[in-house]
Every structure is written in structure tokens, then in C-alpha cells.
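Undergrad: Structure provided below as C-alpha cells; questions to follow.
The values are calculated or read from the model by the stated rules, or taken from the named source; none is laboratory data. Just so it is clear, the model here is predicted, and its values are computed rather than measured. Here Cβ is always computed from backbone atoms with ideal geometry, including for glycine, and neighbour counts include all displayed protein chains.
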Amino acid sequence: MTEFEFNTREEASVAAAARLQAALERRLASGAEASLVISGGTTPGRCLSELSTASLDWNRVHAVLSDERWVATDSDDSNEKLARELLLRNAAAAARLHGVFRADMSVDERARRLDRELRLQPLPFACALLGMGTDGHFASLFPDADNLASGLDPDSPLLCIPVRTKASPHARISLTLSALSRSDEIVLLIFGAEKRDVLRAAKQSATALPVSRLLLQKRAPVNIYWAP
Ligand SMILES: O=C1O[C@H](COP(=O)(O)O)[C@@H](O)[C@H](O)[C@H]1O
């Protein structure tokens, strides 16, 4: 695990975007296509908009959501909407975004199908951009999810799972730790003192926080980008 501290969120976001760009460049130099995992929520906006201007062969890039809320893609709660508005523009308009929500399917059926679709993406992912909640969740792997064990099993055969949590009014679908760790590297972008303290607790002891398991897994190096 490597940690980088910045004075401002702007600096952290721009530096994280540069790291994602470099990871994509490495994959594109050695293969026909590359894929990138992007998180939703409030944290990654500036990083995604910065990345959208990167000079890359974007038509060879696939973007995959780390997780999605079970809402229509025009909802303000939709991670797909965020990705389309902030990443899929400028130079990155040529990238392909693999959406999660389908109005004609149940969340469980969609999770089963998405699992099959993810296996057709270029793997391993060049990079996974993740965030973390103050409850220690990443992607949508919330502490109270009833199927959390399979979500956090680094050797799970499942690439994604449906998630129901009291923390959210929406059902969700989340990539599993097993899927996310199939990345050349992970960037964990975190803002604020409260989240830094949660992360410290997760590092100091093998707490029950989901993010502890992300830090403990050995497959993908984790780079923490933090700003106050
Ligand atoms: O619900 C979610 O939460 C996490 C953290 O979100 P943030 O707003 O605290 O940055 C996010 O990484 C995840 O993608 C999102 O769906």
C-alpha cells in the first residue's frame, strides 16, 4: 500500500487522474483494449472530469462502474449518469461505458447477467478508481450487506453481487473484491479528516470494516490519494 497526501482536493484529483491515465497507457501499449473501473458518489467528480481531457486512444477504452444504485440512468443518484456527464466527454467521449441498470430486469437477474458480461471485458482492469464511505464501505460493499462475505472473499468466483443495505434507499449492484482486485492497481481517493480516521483504524487492526479487506488483499497494489 502506498499513500499520497495532498493539500487540496483539486491536487489529489488531478494527481489521481494522471495515475489512471498512466495505467491505461501501459495497458494500451501492450494490448488492443484496456478497461478502467470508476466509482460513483461525491468524491470522484473532479478526477473524472480531469481524466476526460487526457490524451489517450479512448476508443480502445472500456469504463466499468464499481457499483450502481438501482435507479434509472437519468436519476441524480445514478453512478452511470455521473460517469456520462463527467468522464464520457471531451477526448473520453469515445470510450465505451458498460452500464449496470436495466429497467426490464430485476436487480438479481441483472447481477447474474452482468457477471457474465464482465468476463468479456478486457481483464485485468488497468486500474480501479475507488472511494470509501465513512462506514468503511467501498464500491457498494456495505458493512450490513447480508451477502458481504461473498463480496469480500478475494477468491470468490463472483465478479458482482446484488446488495441491499440499510444505508441506502436503493438496491445496488457491486463489483466484488475478487473482481476489483483483478486490476493492475487500485487508486483509493479519499477526502476529509473523518475518512482518514476510518482508514487509519482499518490499517491498524484487521477491523470489521470492509475497506480493511481491500487493504489486506495482495493481488492489486492499493494507492491511497488523500486530501483534507
Ligand atoms: O455509495 C457510494 O459510496 C462510495 C463513497 O461515496 P462518497 O460520496 O463518500 O465519495 C462510492 O465510492 C460508491 O461508488 C458509491 O456508489
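Undergrad: Six or more apart or on different chains, Cβ atoms under 7 Å: show the pairs whose first residue is in region 85-104 and surrounded by fewer than 15 Cβ atoms within 10 Å (Cβ to Cβ) and whose second is in a helix (DSSP H, G or I) and of a type in the set (Phe, Trp, Tyr).
TA: Close Cβ pairs satisfying both conditions: Ala91/Trp58; Ala94/Trp58.
Undergrad: Out of Ala23, Ala12, I need the residue that is modelled with pLDDT of 95 or more, away from the ligand (no atom under 13 Å from the Cβ) and hydrophobic (A, V, I, L, M, F, W, C). Which one?
TA: Matching residue, one of Ala23, Ala12: Ala23.
Undergrad: Right, Ala139: within 30 Å of Ser30 (Cα to Cα), crowded, with 23+ Cβ neighbours inside 10 Å, touching a residue at least 24 places away in the same chain (Cβ under 8 Å) and within 14 Å of the ligand (Cβ to nearest atom) or not?
TA: It is true that Ala139 is within 30 Å of Ser30 (Cα to Cα), crowded, with 23+ Cβ neighbours inside 10 Å, touching a residue at least 24 places away in the same chain (Cβ under 8 Å) and within 14 Å of the ligand (Cβ to nearest atom).
Undergrad: Let me ask something else. Residues to consider are Ala227, Ala201; find the one that is over 20 Å from Val64 (Cα atoms), away from the ligand (no atom under 15 Å from the Cβ) and in contact with a Ser or Thr (Cβ under 8 Å, 6 or more places away or on another chain).
TA: On inspection, the qualifying residue turns out to be Ala201.
Undergrad: Of the residues Leu152, Leu123, Leu97, which single one is farther than 23 Å from Tyr225 by Cβ and more than 13 Å from the ligand (Cβ to nearest atom)?
TA: From the options Leu152, Leu123, Leu97, the qualifying one is Leu123.
Undergrad: Follow-up. Which members of region 26-49 meet the condition of being outside any loop (DSSP other than H, G, I, E, B), charged (D, E, K, R) and more than 16 Å from the ligand (Cβ to nearest atom)?
TA: Passing the criteria: Arg26, Arg27.
Undergrad: Further, regarding this structure: Right, Ala92: among the small types (Gly, Ala, Ser), more than 13 Å from the ligand (Cβ to nearest atom), under 26 Å from Trp58 (Cα atoms) and under 13 Å from the mean Cα position of the chain (by Cα) or not?
TA: no
Undergrad: Out of curiosity, is Ala54 in a loop (DSSP other than H, G, I, E, B), in contact with a Lys or Arg (Cβ under 7 Å, 6 or more places away or on another chain), under 22 Å from Pro122 (Cβ atoms) and of a type outside the set (Val, Ile, Thr)?
TA: Spelling it out, it is not the case that Ala54 is in a loop (DSSP other than H, G, I, E, B), in contact with a Lys or Arg (Cβ under 7 Å, 6 or more places away or on another chain), under 22 Å from Pro122 (Cβ atoms) and of a type outside the set (Val, Ile, Thr).
Undergrad: Now a separate question. With the condition kept exactly as written, say whether any residue in region 64-82 is within 15 Å of the ligand (Cβ to nearest atom), among the basic types (Lys, Arg) and in a helix (DSSP H, G or I).
TA: Checked region 64-82: at least one residue is within 15 Å of the ligand (Cβ to nearest atom), among the basic types (Lys, Arg) and in a helix (DSSP H, G or I).
Undergrad: For region 172-194, give me each residue that is crowded, with 19+ Cβ neighbours inside 10 Å and within 13 Å of the ligand (Cβ to nearest atom).
TA: Once the filter is applied, which keeps residues that are crowded, with 19+ Cβ neighbours inside 10 Å and within 13 Å of the ligand (Cβ to nearest atom), region 172-194 yields Arg172, Ile173, Ser174, Leu175, Leu180, Ile186, Val187, Leu188, Leu189, Ile190, Phe191.
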